[in-house]
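Data block below; observations after.
Any read-out appearing in this document is the output of simple, stated calculations on the displayed coordinates, not a laboratory observation. Treat the numbers as computed from the prediction; the structure is a model and nothing was measured. Counting neighbours? That spans all protein chains shown, and the Cβs are built from the backbone with ideal geometry, glycine included.
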Amino acid sequence: AEGAKLIAPENPLVIPGGKRRETTIFVVAPEGLFVGGKRDVDFKISDGKGFERTFPYKLLGPGGEK
């Protein structure tokens, strides 16, 4: 989304074949990108060699119930 920034401290995240890894990412975005404190986004994961998968995700942010 326009104005949003993804911060991935471990990038690229190396995952050996057949293994699983977890990491933390941060999204910094202006309040105006959130409606009712939420924003639907897609995270795309790829290996740069042909594998690519997109995962929908709901970000929570400012502007929700108080």
**Message:** Can you compute the label reach from Lys38? Point 7 Å from Cα along the Cβ direction, backbone N cut-off under 13 Å, restricted to region 49-63.
**Reply:** 57-61
**Message:** Only Cα pairs within less than 10 Å get springs; with that Gaussian network setup on the chain, which residue of Phe34, Phe51, Phe43 has the largest fluctuation?
**Reply:** Phe51
**Message:** If I take the Cα coordinates of the chain and project them onto the principal axes, what are the three extents in Å, biggest first?
**Reply:** 44, 20, 19
